[in-house]
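Read-outs throughout are calculated quantities, based only on the coordinates presented, and are distinct from any laboratory measurement. Bear in mind the structure is a predicted one, so any value in this text is a computation, not a measurement. As a convention, Cβ positions derive from the backbone with ideal geometry for all residues, glycine included, and neighbour counts pool all protein chains shown.
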Amino acid sequence: MAGSEFARWWANRLPYYVKVYQETLVGIGVIGCIYYTFYYDGKLEN
């Protein structure tokens, strides 16, 4: 019961969050990749 109510609530709000926070999420991903590249560059050995 709670799961179906949450699914209905999320379905109504998902387009808003995707539209508003899309640029923010992409920016966080890019910054994360850059940080990973600089921080772990040459430090991880396979």
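Structure data summary
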quantity: Karplus-derived 3J(HN,Hα), 6.51/-1.76/1.60, for each residue of region 23-29, Hz, glycine and proline x; calculated: 5, 5, 5, 5, x, 5, x
quantity: Estimated distance in nm for a label pair at Tyr21 and Asp41, the labels positioned 7 Å out from Cα along Cα-to-Cβ; calculated: 3.1
